[in-house]
Structures are given as structure tokens and as C-alpha cells.
Amino acid sequence: MAERTLRGARLGGQSFEDERGIEFAARQQVGYRCDQSHEFEITMSVEADVPAVWECPRCGAEGLSISGIVKEQKAEKPVRTHWDMLLERRSEKELEDILKERLDLLRGGEIGPAHLHRANARKRKASA
Ligand SMILES: [Zn+2]
């Protein structure tokens, strides 16, 4: 097993180092199964942090561990909403003022959907 593993590393069949005395890391076979029911095993060091999923070599789908390794639950991070981000930049009082300003513009026909612009612009022209 060790002989075969090292063969690819040799240049011209010559070994530059004496392989004796090299200790190979202990291995383990970790089994996975994808949703196409392809089962495969991956050789890993026993010291490796075994992932709960591995890409299926046959179909590329995500294979789930059949060795009992469960996906780590991501730490629950509080969701930062757009509203939270907005409040980091402006106080609610400022937002009230901006809203009022925009509503005045909208009602005055300065901003908003084009059909409202035109209607209000006509009205203004008529009253002018
Ligand atoms: Zn597969």
C-alpha cells in the first residue's frame, strides 16, 4: 500500500529518499451517499476534520456522510434587516422628517408616478 502511494512522486524511478522510517498517517475510510444513491468512500487521515458532505465523483451532487457525521449547524446569527441598517445611519426622527418631505413632494406632483406628475402639473398650470 505504501509502495503504491509513493510511486507517483518518484522521478525516473529513482528514489531520493529512503522510504524506510517514513510513517504514514493513519487513514480512515469515510462513506458518503448522494441523492442518486451513489455510494463512495473517501480516504482521509484519522486526524482530518471529516466533512459531513462530499461531492459525488459520479454525478457531482452533494453526497451526505453515511458514517454518521452530521452537518454542523451554523451558529444562529441575528438577521440584520434593511431597517436595522437604516437605523444605524438615521434616527427615527430624521426618517420621519424625510418621509414628510417626500410625501409633500409626492402630493405636490414633484415626484412619483408619471401619470400623477402630469395630472398635478396640469392642475397647477390651471390654477396658476
Ligand atoms: Zn452521485
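The values are calculated or read from the model by the stated rules, or taken from the named source; none is laboratory data. Predicted model only: the values in this text are computed from it and were never measured. For neighbour counting, all protein chains shown are included, and Cβ atoms are generated from backbone atoms with ideal geometry for every residue, glycine included. In case anyone asks, the SASA skips ligands and DNA or RNA and just uses the protein heavy atoms, side chains included. Shrake-Rupley method; radii C 1.70, N 1.55, O 1.52, S 1.80 Å.
Could you tell me whether any residue of the stretch 111-120 is modelled with pLDDT of 85 or more and either in a helix (DSSP H, G or I) or loosely packed, with under 10 Cβ neighbours inside 10 Å (or both)? Checking the stretch 111-120: not a single residue is modelled with pLDDT of 85 or more and either in a helix (DSSP H, G or I) or loosely packed, with under 10 Cβ neighbours inside 10 Å (or both). For the stretch 43-85, taking the residues that are polar (S, T, N, Q) and over 23 Å from ALA25 (Cα atoms), the one that is modelled with the highest pLDDT is identified as THR81. Taking residues in the stretch 34-49 that are farther than 13 Å from SER67 by Cβ and in a strand (DSSP E or B), and partners anywhere that are away from the ligand (no atom under 16 Å from the Cβ) and open to solvent by 40 Å² or more (accessible area, probe 1.4 Å), the pairs with Cβ atoms closer than 9 Å and at least 6 places apart or on different chains are SER45/ALA25; SER45/ALA26; SER45/ARG27; SER45/GLN28.
Taking the conditions exactly as written (touching a helix residue (DSSP H, G or I) at 6+ places or on another chain (Cβ under 8 Å) and either open to solvent by 100 Å² or more (accessible area, probe 1.4 Å) or at pLDDT 90 or above (or both)), does ARG90 satisfy them or not?
yes
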